[in-house]
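I have placed the structure first, in the form of C-alpha cells, so that the comments after it can refer back to it.
The values are calculated or read from the model by the stated rules, or taken from the named source; none is laboratory data. This is a predicted model, so every value here is computed, not measured. Every residue, glycine among them, receives a Cβ derived from its backbone with ideal geometry; neighbour counts consider all protein chains shown.
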Amino acid sequence: MINTMYRMTINVAKSFLGKNVNLHLKDGSVIVNVRVDKIQKDPAKREVFLKCTPYGQDRFISLPLRKVSWAKMLDPKLIQTLDHKSN
C-alpha cells in the first residue's frame, strides 16, 4: 500500500468527501479518524469549512479549511476490521 498525504485545498477536500482521514492541522495537532461529510462556504466570513464526523459518533466538527495543513486517508479495510471486532 502506498502512503499518500495531500496538502489541503478545496479540490483535495472534495476528493476526501465520504472518506475517513487523519487531519493534520497547521498548529501541529492531529484530528484522528474523521469522515469528511461536507464542504461548506460561509460567504459572510469568506471562509471554507470542513464538516467532519468523528469515528463512531453522530455529531459534527466544523473546521476552517485554512487551519488544515494536510490529510492522510485511512485504510478502509482496517476500519471494517475494527467495526467487526467491536460488535
For a quick check of your reading: which strands (runs of 3 or more DSSP E) sit entirely within the stretch 1-72 and have at least 3 residues that are touching a residue at least 40 places away in the same chain (Cβ under 8 Å) and surrounded by 11 or more Cβ atoms within 10 Å (Cβ to Cβ)? 20-25
So in the stretch 35-76, with the set limited to residues that are more than 15 Å from Thr9 (Cα to Cα) and of a type in the set (Ser, Thr, Tyr), which one is modelled with the lowest pLDDT? Tyr55
